[in-house]
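S.K.: Before anything else, here's the structure in question.
FYI, it's all coordinate maths here, none of it is from the lab. Everything quoted here is computed from the prediction, not taken from an experiment. Positions of Cβ are generated from backbone atoms using ideal geometry, with glycine treated the same way; all protein chains shown enter the neighbour counts.
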Amino acid sequence: LCRECKRLTILNSELFTLTYGALVTQLCKDYENDEEVNKQLDKMGYNIGVRLIEDFLARSSVGRCQDFRETADVIAKVAFKMYLGITPSVTNWSPAGDEFSLILESNPLVDFVELPDNHSTLVYSNLLCGVLRGALEMVQMAVDVKFAQDSLRGDNVTEIRMKFIKRIEENLPAGDE
Amino acid sequence: MADDVLFEFLHMEMVSHIYKEQASRGEMDKDRATCVSALEGMGFRVGQGLIERFTKDSPSFKDDLDIMKFICKDFWINVFRKQIDNLRTNHQGTYVLQDNKFSLLTQLSSGKQYLEEAPKYLAYSCGLVRGALSNLGMDCVVTAEVSPMPSCKFQVVIQKI
């Protein structure tokens, strides 16, 4: 890429991360404590996830996943790559196969971010948990998603832990033929 | 990479969140202005940040018109995925940038139905433009109006010192 084009590319991918940063800053102003901000980020992420799934399915044309392992692979290798340009690794499966970790060597959301001292319990990237939860709910999976490690808080990597709770039955409208 | 879609989803949710929160806290009239200024303020800081990284080692611009052309082309392409369709100026510090298919409005229905809602979806972008121009040495006021959906006009008025 010529130098001009490269600079233009940088500009574009920073729009999301800078916007996200401005949002977190605003939430920290609006809410009194980190827990509340974490909750709001999760809620907003959920609202995004329930709509993002349609965009994802349209772009990726992946079929229905046969099992949770396949879901994990699709999330890591297709979804994360498509939207965030990274491919986390899938590891630490529970023996029952209902829980796994996504390990992110780098987290694009935190590119220019440092947590100030008085926000030690802020889960900066919590939006991601909500997005994953909302998206999977739309494909009939109830999951629990949370950060197990966070590079912003001093861990070496960022680890998202995903646990399958149960299958959601599809609700047919009353009186459907 | 589809990160421009991520920004659009995030933007819609941000607008929705800010208005929901203000609605649950009190009177609507006063809060509408607060919502707009919160969104505009966020956009302003991001606009400053974006421009800073882009023009770090660029040659400086010849004049205000040169800057506005940059905003209409390079900046708009990178932020809103297309160029400005029409730029007009009175050569006395006022510029009107017309985008016939503004990317943050296309998700809303076309036509008159959501006309009243549209300003919410323009506040952040006005801030982006104002922030970008501010870092390029142009202090201005940026407003926007829908005309009609999904077309909109951004008006930039340079503030005399």
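S.K.: Tell me the mean residue ellipticity at 222 nm calculated for chain A from its helices only (DSSP H runs of n ≥ 4, each -39500 (n - 2.57), averaged over every residue, nearest 500).
M.R.: That calculation yields -14500 deg cm²/dmol at 222 nm.
S.K.: In addition: Do the alpha carbons of any pairs in B:K69/B:K160; A:K81/B:K73; A:K29/B:K56; B:K69/B:K101 sit beyond 24 Å of each other, and which pairs?
M.R.: Among B:K69/B:K160; A:K81/B:K73; A:K29/B:K56; B:K69/B:K101, the Cα-Cα distance tops 24 Å for A:K81/B:K73; A:K29/B:K56.
S.K.: Between A:D67 and A:M138, what's the calculated FRET efficiency when r is the beta-carbon distance and R0 is 22 Å? Round to 0.05.
M.R.: According to the calculation, E is roughly 0.75.
S.K.: Under 25 °C and 0.890 mPa s, how fast does region B:88-161 diffuse according to Stokes-Einstein, given a Kirkwood radius computed over C-alpha pairs? Answer in µm²/s, whole number. Don't skip to the end; give the middle numbers.
M.R.: Numbers: Rh = 12.8 Å.
Calculated translational D: 192 µm²/s.
S.K.: Could you tell me the relative contact order of region B:4-158? Use alpha-carbon pairs under 8 Å, at least six residues apart, and round to a whole percent.
M.R.: Computed over region B:4-158, the figure is 28 percent.
S.K.: List, in order, the whole-Hz ³J(HN,Hα) value for each residue of region A:125-142 obtained from phi through the Karplus relation with A = 6.51, B = -1.76, C = 1.60 and θ = phi - 60°; use x for Gly and Pro.
M.R.: Couplings: 8, 4, 3, 4, 4, x, 4, 4, 4, x, 5, 5, 4, 6, 10, 6, 10, 8 Hz.
S.K.: How far is helix A:34-60 tilted off the main Cα axis of chain A, in degrees rounded to 10, range 0 to 90?
M.R.: 60 degrees
S.K.: If you don't mind, another one. Which whole-number percentage describes the relative contact order of chain A, with Cα contacts under 8 Å and a sequence gap of 6 or more?
M.R.: Details: 236 pairs, mean separation 44.2, N = 177.
Over chain A, the number comes to 25 percent.
S.K.: Could I ask something else about it? Taking the Cα atoms of region B:4-158, report the difference between the largest and smallest coordinate on each principal axis, in whole Å and largest first.
M.R.: Here the spans come out as 48, 32, 29 Å, largest first.
S.K.: What are the extents of the Cα atoms of region A:67-173 along their three principal axes, in Å, largest first?
M.R.: The Cα atoms of region A:67-173 stretch 48, 28, 27 Å along the principal axes, largest first.
S.K.: Now for a separate question. Please list 3J(HN,Hα) in residue order for region B:128-138, calculated via the Karplus relation 6.51 cos²θ - 1.76 cosθ + 1.60 where θ = phi - 60°; whole Hz, with x for glycine and proline.
M.R.: Karplus-based 3J(HN,Hα) across region B:128-138 equals 4, 5, 4, x, 4, 5, 4, 6, 8, x, 10 Hz.
S.K.: Another question about this same structure. What ³J(HN,Hα) values, in whole Hz, does the Karplus curve 6.51 cos²θ - 1.76 cosθ + 1.60 give for region A:108-121 when θ = phi - 60°, with x put for Gly and Pro?
M.R.: So the Karplus estimates, Gly and Pro as x, are x, 5, 9, 3, 10, 10, 10, 7, x, 4, 7, 10, 5, 9 Hz.
S.K.: May I pose another question? Report the semi-axes of the equivalent ellipsoid for the protein assembly as shown in whole Å, largest first, where each axis is √(5λ) for an eigenvalue λ of the Cα gyration tensor.
M.R.: Each semi-axis is the square root of five times an eigenvalue, giving 37, 23, 20 Å.
S.K.: With no solvent and one equal point scatterer placed on each C-alpha of region B:41-83, evaluate the Debye formula and give log10 I(q)/I(0) for q = 0.21, 0.24 Å⁻¹, two decimals.
M.R.: Relative scattering, expressed as log10 I(q)/I(0), comes to -0.76, -0.95.
S.K.: How far apart, in nm, are two points set 7 Å out from the Cα along the Cα-to-Cβ line at B:T94 and at B:E52?
M.R.: Once both label points are built, they end up 3.3 nm from each other.
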